[in-house]
Amino acid sequence: MGGYGTHLKVKGILRIHNPKGTIIIGNNVRINSAEWANPIGFTGRTNFKVISTGTIKVGNDVGISCASFVSNSEITIGNRVLIGAGVKIYDTDFHSLNKEERFATMRKVENINTNKISIGDDCFIGAGTMILKGVQIGDNVVVGANSVVTKNLESNAIYAGNPAKMIRKI
């Protein structure tokens with residue numbers, strides 16, 4: 001279920017796994033999904049994976065380079081967002097945190113923590129960044145390369161690090 005808007009441009013092969021969920025891609029979206037389409041060295045493809053009934057929504061005028069999105073809840077990307085190579089956005093833990101349940105969840109999806117992710121308009125997410133479940137990123141945010149975003153980021157600021165911390169206001 002889902003769809004895409006006008007002027008979608010994909011360089012390479014876009015991987016989509018969407019058994020029961022929804023993927024919606026807006027207008028004027030550009031996706032690099034190949035080593036040759038990505039000059040900074042990340043060699044993976046862009047992946048959209050929906051687990052169960054999750055949702056991935058990508059706004060208008062978005063650029064994505066060899067990034068991975070996995071949703072078991074909901075991931076929403078605003079308008080005019082640039083997502084650098086190797087970025088990973090996961091709204092799920094993928095497995096139970098309970099040691100007795102971990103191997104059981106490899107066979108079935110139960111007792112797994114999920115929480116929505118929202119990225120506002122006019123953001124730039126630097127290469128290699130990881131954004132984890134439950135995060136809300138405000139508008140006009142820059143996230144430095146290889147950051148790990150575990151908490152909400154307020155609008156109009158630059159963040160970097162592991163975990164990501166505010167560097168300065170814009």
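The values are calculated or read from the model by the stated rules, or taken from the named source; none is laboratory data. Note that the structure is predicted; figures quoted are calculated from it, not measured. Cβ placement follows ideal geometry from the backbone for every residue including glycine, while neighbour counts extend to all protein chains displayed.
Structure notes:
- Filter pass, I23 being outside any loop (DSSP other than H, G, I, E, B), among the aliphatic types (A, V, I, L, M) and crowded, with 17+ Cβ neighbours inside 10 Å: yes
- In the stretch 26-44, residue farthest from the chain's Cα centre (by Cα) [restricted to those that are of a type in the set (A, V, I, L, M, F, W, C) and surrounded by 15 or more Cβ atoms within 10 Å (Cβ to Cβ)]: A37
- Subset of the stretch 100-126 (residues that are at pLDDT 95 or above, more than 15 Å from F69 (Cβ to Cβ) and among the small types (G, A, S)): G120, G126
- Residues being in a loop (DSSP other than H, G, I, E, B), farther than 19 Å from T114 by Cα and of a type in the set (A, V, I, L, M) - total across the stretch 31-60: 2
- Taken over the stretch 108-154, residues that are basic (K, R) and surrounded by 16 or more Cβ atoms within 10 Å (Cβ to Cβ) amount to 2.
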